[in-house]
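This report concerns only the one structure given below.
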Amino acid sequence: MLSLIYSSVSTRPLGEDDLEALLEQSRESNEREDITGVLLFRNGYFLQVLEGPDAAVRAKLDRIKHDERHTQVRVILEELVEDRQFPEWTMGFPAAERDLEEVPGYRSTFEDLDQTPAADVPSASAVRELVRWFRPSGA
């Protein structure tokens, strides 16, 4: 199974209604395609984990790259995994406000990753830690 984490920049401001519509659309298509994951959005930046069958995840990423809501789509981490990190989430969005400055691996942007090779272990570790922080407890 493929686990892929990408970042992107929103092409326009997105309100709560926009994000809810995006999630509803994502949940429906992801359930059909056996994709799970989590979507994080803050200050115009997306960070998303997609996990599922290799071909389905790659096809989803290709659609995202061509989606008018996204620009500067960059794969941060791509790896084969045995188990899903978000097995119960066809797409989750952490709605509860948290003090994000306290999140391990917190970044207000991902711009610096453009200068970092994708295989850079410290960057990959920071992203993994950030994603773990958003996982539901007990997962």
- Hey, ARG12 hits all of (1) in a loop (DSSP other than H, G, I, E, B); (2) closer than 16 Å to ARG63 by Cβ; (3) of a type in the set (D, E, K, R) but one; which does it fall short on? (2)
- Message: Against the condition aliphatic (A, V, I, L, M), assigned to a helix (DSSP H, G or I) and touching a residue at least 60 places away in the same chain (Cβ under 8 Å), how does LEU23 come out, does it pass?
- Response: yes
- Residue count for segment 35-59, restricted to those that are modelled with pLDDT of 95 or more, of a type in the set (D, E, K, R) and surrounded by 13 or more Cβ atoms within 10 Å (Cβ to Cβ): 1
- The residue that is nearest to ARG12 (Cα to Cα), considering only those in segment 35-89 that are outside any strand (DSSP E or B) and in contact with a Pro (Cβ under 9 Å, 6 or more places away or on another chain), is GLY44
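The values are calculated or read from the model by the stated rules, or taken from the named source; none is laboratory data. Keep in mind that what you see is a predicted model, and the values were worked out from it rather than measured. Virtual Cβ from ideal backbone geometry, glycine too; neighbours counted across all protein chains shown.
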